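> Got a structure for you, written out below as structure tokens; questions coming shortly.
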Amino acid sequence: SGPATVSPTGQPTGADRAVMAQGGEYLTTAQGHRLPDTDHSLKVGARGPVLLRDHHLREKITHFDHERIPERVVHARGAAAHGVFRGYGTAASVTRAAFLGKDVETPVFVRFSTVLGSRGSADTVRDTRGFAVKFYTGEGVFDLVGNNIPVFFIQDAIKFPDVIHAGKPHPDREIPQAQSAHDTFWDFVSLHTEATHHTLWNMSDRGIPRSYRMMEGFGVHTFRLVNADGETTLAKFHWKPRLGVHSQVWEEAQITSGADPDFHRRDLADAIEAGAHPQWELGIQTFPDTPEQTFEGIDLLDPTKIVPEELAPVQPIGLLTLDRNPGNFFAETEQVAFHPGHLVPGIDVTDDPLLAGRLFSYIDTQITRLGGPNFAQLPINRPHAPVNDMLRDGMHQTAVHRGTAPYRPNSLDGGCPFTAGADAGAYVEVPVEVPAGRKVREVPASFSDHFSQPRQFWLSLSPVEQEHVISAYTFELSRCYENAIRERVLRTLANIDPRLCQEVAEGLGLPAPEPSEPLADVAPSPALSQVGREWPVA
Ligand code: HEM
């Protein structure tokens, strides 16, 4: 028998993939020619020149020369796992999404990541973590592409290249790997003060998780849910880790990133291998879908704002369990392609301007990263629902499509017998009213409130958590070269809390500025502290 069996579509699957991996009785070239030897090039005599005609030598080296693909432009470093999601059925009144039905089980693939480091960077740096979940539902793929921080740096995707340019290593020296400790990052976040909230979360213990298994996850944006009767509800998604939320302190993180830069990926893989399968409960906060799209005065379209859980409790709707490690990092963790626009019936987007840009960006970058438009055919990206599209040809096309008329209606291939829109299972965008207006580059007034929620976050932290925030700002700003940037950041801290500003300023040996606007009158939200955050699952 040959070295591999492949599926009818030409792709090795499951156990067959293991057969492909070095297990056959004999080696072959990519063309299936049996090889006598893969260790010695073809030469003229034992000491003579190597012959160019050695096809195996050239094929082996040429393939090797092209083994690397571009790393992700952000979230390059990640670790992933397979698992299963079980719906509780509790979301049925607000969404028709079938995978959320009671006891419906859906296979998932989850990739955790840091945002700014390169593929080879350390795990325990201070950074935001990606928390991307691919649900292979019977209605097509649903991707919930979230982070471990519930807000984002910017309110409009048009600034995304800018914030990432500011956060990535300096163009001249290519240092540092993490977001911490460099001037461009602090320059950006002090000039674009909508970044204050996300930055404060980064400087808190949330910036250095103890484990991927101990992070909350957030969909960040407000989504629009639609139920079987066509009624809509606005919602935010949350993942609650069964193990609670835990962090490393800065000193621990220095030791782990030095002694074991793979600390988080090792922890995830070891836990799963040992049978300690990590679990998260998926929950939603729901809000009436009013024309204003606000809740208790909070603008639901502003991705720099949360809705405190005391105002809108998180209602559990399902359970995620990760129970299988990837068998091939490249084929799965590296080639997986998430997209916030991969939605299933019952879940739709809102007009959050950050989300609008994301809906464009992911597929665009993946065309470069994965070498053309056919990456949905890669095993890790394939839907577990029937695919019947009219996308044809292109780089790395592996499907052999039958028929001659990839368009509808047609009079050659049976006319393409489906009737558009008649299928009750189809994804239909919610026909919401779009407010009429002038074409402008403006933001609503509510987007200009940059400090009230950072203040609320700060006031919600325990004294120890606050100490960690003060130390983090003091250390990171002490690494800036430019005093003007430090002073500008201190002015943002003054608008969060005078003591925070005072203590960081003292640590830096600088005067503490006065707030430039009245301090927001906000009550602490206990759910924002990570102390005592545990969600034992029944
Ligand atoms: C990748 C989350 C905003 C562009 C990712 C990943 C996550 C993520 C988790 C990693 C996916 C993976 O593991 O493969 C978020 C969140 C955002 C946000 C939660 C804000 C709420 C944006 C914006 C843009 C953007 C505004 C662009 C306009 C990208 C790109 C990638 C990426 C290009 C790389 C995708 C790939 O190469 O496969 N993002 N992101 N993101 N994100 Fe975002």
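> What GluC sites (Glu not before Pro) in segment 294-350 are in a loop by DSSP, with at most 11 other Cβ atoms within 10 Å of the Cβ?
Loop-located and lightly packed - GLU296.
> Report, in degrees rounded to the nearest 10, the 0 to 90 angle that the Cα long axis of helix 483-496 makes with the longest principal axis of the chain.
Between helix and principal axis, roughly 70 degrees.
> Take HIS66, HIS198, HIS82 and order them by how many other Cβ atoms sit within 10 Å, fewest up front.
HIS66, HIS82, HIS198
> Which angle between 0 and 90 degrees, to the nearest 10, do you get for helix 55-65 versus the longest principal axis of the chain when only C-alpha atoms count?
Taking the Cα atoms of the chain, the angle to 55-65 is about 10 degrees.
> Lys/Arg Cβ at +1, Asp/Glu Cβ at -1, dipole of the chain taken about the Cα centre: which of TRP535, TYR26, THR233 is farthest positive-ward?
The one lying farthest along the dipole's positive direction is TYR26.
> Can you pull out the chymotrypsin sites (Phe, Trp or Tyr not before Pro) in segment 421-508 whose DSSP state is coil and whose Cβ has at most 14 other Cβ atoms within 10 Å?
When the chymotrypsin sites (Phe, Trp or Tyr not before Pro) of segment 421-508 are filtered for loop state and at most 14 Cβ neighbours within 10 Å, TYR427, TYR481 remain.
> Further question on the same structure: For the chain, take the longest principal axis of its alpha carbons; what is the angle in degrees between that and the long axis of helix 353-369, to the nearest 10 within 0 to 90?
Its long axis makes an angle of about 30 degrees.
> Further question: What trypsin sites (Lys or Arg not before Pro) does segment 380-468 have in DSSP loop regions with at most 14 other beta carbons within 10 Å?
ARG392, ARG402, ARG438, LYS439, ARG441
> Helix-derived [θ] at 222 nm for the chain: sum -39500 (n - 2.57) over DSSP H runs of at least 4, divide by residue count, nearest 500?
Calculated mean residue ellipticity at 222 nm is -7500 deg cm²/dmol.
> Please get the size of the charge dipole for the chain, origin at its Cα centre, with Cβ charges of +1 on Lys and Arg and -1 on Asp and Glu, quoted in debye to the nearest 20.
Charge dipole, the chain, about its Cα centre: 1680 debye, nearest 20.
Laboratory data are not the source of any read-out in this text; all were calculated from the coordinates shown. Keep in mind it's a predicted model, so treat the numbers as computed, not measured. Backbone-built Cβ (ideal geometry, glycine too); neighbour counts: all protein chains shown.
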